[in-house]
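The values are calculated or read from the model by the stated rules, or taken from the named source; none is laboratory data. Small disclaimer: the values here were computed from a predicted structure and weren't measured. FYI the Cβ positions are ideal-geometry reconstructions off the backbone, even for glycines, and counts take in every protein chain you see. These accessible areas exclude ligands, DNA and RNA; they are computed on the full protein's heavy atoms, side chains included. Shrake-Rupley method; radii C 1.70, N 1.55, O 1.52, S 1.80 Å.
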Amino acid sequence: MIIYNVTITIEPSIHKKWLVWINNHINEVLKTKRFTKAIFTKVLTNNIDQEITYSIQYYAKSKSELEAYIEKDSIALKSDGINKFGNQMLAFRTKLEFIKEFKLNSLQ
């Protein structure tokens, strides 16, 4: 399994509008059927009134599914956010390969 992690930092002034947009955006990404699920998280910090950071992990069955998304689907989906929020939003992406999941029950 491949995880496509997108970390996004936004300015507080767009926070509410961005949250509505990103929820719709995640659904649009999933509609491409390149991913089996997505997990949306907020990065916890002690910074008050500063930039806010979120992370989204999209789960793909294979590298080829992720590459197909990047080549065929991502440009239009990325440009929507850039057009709406410009430099008030900064994103970076990381490709991860799932190795193993550890759970408390498996340690006993």
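Please return the ranges of strands (runs of 3 or more DSSP E) entirely within region 1-95 where 1 or more residues are open to solvent by 60 Å² or more (accessible area, probe 1.4 Å) and modelled with pLDDT of 95 or more.
It comes to 37-42.
Here is a list of conditions, (1) closer than 27 Å to LYS100 by Cβ; (2) among the polar types (S, T, N, Q); (3) touching a residue at least 12 places away in the same chain (Cβ under 8 Å), and SER64 meets all of them except one; can you say which number that is?
Of everything listed in (1) closer than 27 Å to LYS100 by Cβ; (2) among the polar types (S, T, N, Q); (3) touching a residue at least 12 places away in the same chain (Cβ under 8 Å), SER64 misses just condition (3).
Take the conditions open to solvent by 80 Å² or more (accessible area, probe 1.4 Å), free of Cβ contacts under 8 Å to residues at least 40 places away in the same chain and of a type in the set (A, V, I, L, M, F, W, C) and apply them to LEU104. Does it pass?
Yes.
Please list, ordered by first then second residue, the pairs with beta carbon atoms under 9 Å, 6 or more apart or interchain, first in region 72-95 and of a type in the set (Phe, Trp, Tyr), second part of a helix (DSSP H, G or I).
Taking only residues 6 or more apart or on different chains, the pairs are PHE85/ILE14; PHE85/LYS17; PHE85/TRP18; PHE85/TRP21.
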